[in-house]
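The values are calculated or read from the model by the stated rules, or taken from the named source; none is laboratory data. In this text the structure is predicted, and so the values were computed from the model without any measurement. Backbone-built Cβ (ideal geometry, glycine too); neighbour counts: all protein chains shown. When the accessible area is computed, the model is the full protein with side chains, heavy atoms only, and any ligands, DNA or RNA have been set aside. Shrake-Rupley method; radii C 1.70, N 1.55, O 1.52, S 1.80 Å.
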Amino acid sequence: MTSTAGEPRRSTDLLTTHRWMVLTRTLDEAIRTLWLTGKGVGGTFNQIGHEAISVGSALGLLPDDVIAPMHRDLGAYLVRGMTARRLLAQQLGRASGVSRGRDANIHGCGDLNLGIIGFISHLPQSLPVAVGAAMSFRYRNQPRVALTFTGDGGSITGLFAESLNLAVLEAAPVVVVVENNQYAYSTPITSHSANTNITSRARAAGAVAVNVDGNDVEAVLETVGRAIGEARDGAGPRVVVAHTMRMLGHAIHDGADYVPAELITQWEKRDPIQLVEARLRELGTSDDEIEEVRVGARTEVDDAVEFALRSPMPDPADVTEGVWA
Ligand SMILES: Cc1ncc(C[n+]2csc(CCOP(=O)(O)OP(=O)(O)O)c2C)c(N)n1
Ligand SMILES: [Mg+2]
């Protein structure tokens, strides 16, 4: 397998990308509705506003690559082939879910057949795992890449710097997408980071780091695609800091009344799906074609909701199966 740095690794047209983004948003909204109507189990995270990052990043990978998504990356799971049905059953803790009801929401939501490393934590416990996977690819001379995500809050932890340090020393083919959505739980980036320039912190560890507009999916496709190509070609780790806004609370219980309303209004004007739709119209896509995508997503998600709700809860008798310790 050869690759050329600078080229996205999978050809994809913008309408297909838009379809993944709309499916992600529709699924996310269904999860929210299920929780708000009392059908959820435990907590859940919404990712509205992050669709361009998760979808645009995952589309840059090849089938043999691995991905370790975080809690705002529903789109990455879908792009890698995890169905809406399995994801919703997982969210509802059902036996037909990815972890067979051992855990709910995105925790434990991995499937190595799809190259998805199960979510540990994004603070950023998945990062050293992705670095380890990337090191093993290099040792075995395999042209594969590991892609992982963390948040602005995750990027200020020691593990972020330590993982990057090792990745640089080992020239590990790993790409780290930092989703800077301005908040870590209720703490704004200006309160949790003395240096809010995340690329400079990544560079301090010796990694090559670039910024991207996280609401512009074409920019994400190009920037992360290039980073993946360079990592695959042996250039070492790449960090892409994608700037966006967390449009809802940290998790479903959080009304986020600590976020200034003007900030949300300002970012609503840059909604990633509206932006890609405006671009599609510019390129000649009709309103009917866009509506068709929305209807398709609603049909798929309605089916997934029905499937998940009629799936049984796990049987307490087999609770120890598939558990290591
Ligand atoms: C090791 C660990 N400590 C604390 C938590 C609780 N926690 C979950 S998410 C989060 C904040 C994450 O913020 P950020 O990295 O900016 O990601 P975001 O949620 O904004 O996408 C915290 C403190 C955790 N999951 N794991
Ligand atoms: Mg954050």
Every residue from the range 36-93 that is over 18 Å from VAL276 (Cα atoms), among the small types (Gly, Ala, Ser) and in a loop (DSSP other than H, G, I, E, B): GLY38, GLY40, GLY42, GLY43, GLY81, GLY93
Complete set of residues in the range 94-117 that are more than 17 Å from LEU27 (Cβ to Cβ) and in a helix (DSSP H, G or I): LEU112, ASN113
Residues of the range 238-273 satisfying the condition of being farther than 21 Å from VAL22 by Cα, open to solvent by less than 40 Å² (accessible area, probe 1.4 Å) and outside any loop (DSSP other than H, G, I, E, B): ARG238, VAL239, VAL240, VAL241
Subset of the range 274-289 [of a type in the set (A, V, I, L, M) and either within 30 Å of ALA95 (Cα to Cα) or surrounded by fewer than 17 Cβ atoms within 10 Å (Cβ to Cβ) (or both)]: ALA278, LEU283
Neighbours by Cβ (under 6 Å, 6+ apart or cross-chain): first from the range 204-228, farther than 23 Å from GLY158 by Cβ; second of a type in the set (Asp, Glu) and at pLDDT 95 or above: ALA219/ASP213
Qualifying position, being assigned to a loop (DSSP other than H, G, I, E, B), farther than 30 Å from ALA278 by Cα and either open to solvent by less than 30 Å² (accessible area, probe 1.4 Å) or more than 13 Å from ligand 1 (Cβ to nearest atom) (or both), among ALA161, ALA172: ALA172
Flag if PRO128 is more than 16 Å from ligand 2 (Cβ to nearest atom) and part of a helix (DSSP H, G or I): yes
Residues that are in contact with an Asp or Glu (Cβ under 8 Å, 6 or more places away or on another chain) and open to solvent by 10 Å² or more (accessible area, probe 1.4 Å), drawn from the range 52-78: LEU74
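Yes/no per residue for (1) under 19 Å from the mean Cα position of the chain (by Cα); (2) of a type outside the set (A, V, I, L, M, F, W, C):
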{"site": "ARG201", "(1), (2)": "no, yes"}
{"site": "VAL208", "(1), (2)": "no, no"}
{"site": "ARG226", "(1), (2)": "yes, yes"}
{"site": "GLY234", "(1), (2)": "no, yes"}
{"site": "HIS243", "(1), (2)": "yes, yes"}
{"site": "GLU262", "(1), (2)": "no, yes"}
{"site": "SER286", "(1), (2)": "no, yes"}
Of residues in the range 187-205 being assigned to a loop (DSSP other than H, G, I, E, B) and open to solvent by less than 50 Å² (accessible area, probe 1.4 Å), the one nearest to ligand 2 (Cβ to nearest atom): SER193
Qualifying position, being part of a helix (DSSP H, G or I) and away from ligand 1 (no atom under 16 Å from the Cβ), among ALA235, ALA227: ALA227
Unique residue being within 15 Å of ligand 2 (Cβ to nearest atom) and either among the small types (Gly, Ala, Ser) or crowded, with 21+ Cβ neighbours inside 10 Å (or both) when the list is ALA184, ALA167, ALA146: ALA184
Of residues in the range 304-325 being open to solvent by 60 Å² or more (accessible area, probe 1.4 Å) and among the acidic types (Asp, Glu), the one farthest from ARG85 (Cα to Cα): GLU321
